[in-house]
Amino acid sequence: MNYCEYYQAFIKRDQCGFLVSVLRSFEHVAFDRTLDKETSHFEFFVPVQTESCFLELMNFFVAEGIVINFEKKPNRLLDPREVL
């Protein structure tokens, strides 16, 4: 089974809606989810095939100061007992 790449970031609170709408305008690039509404902490599940497009968008948002503390992490949905 293939798993998505996994990223987390904090988004400037007043820019969350903008970022989500831009990401969703690019179909199937990433699935976003809010981890903590109070701190605007988001997670992103990104198919390997769309990772370069996702990174291009996110690097733009980082450069614009919309995204803070953007980082790739191990996919939290992976079961350590599963063999890929």
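Values as computed for the structure displayed
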item	result
In degrees, nearest ten, helix 16-25 long axis to first principal axis of the chain (Cα)	60 degrees
The chain - percent relative contact order, Cα under 8 Å, separation 6 or more	44 percent
Å³ per residue enclosed by the Cα convex hull of the chain	89 Å³
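Laboratory data are not the source of any read-out in this text; all were calculated from the coordinates shown. Only a predicted model underlies this, so the values are computations on that prediction, with no experimental measurement involved.
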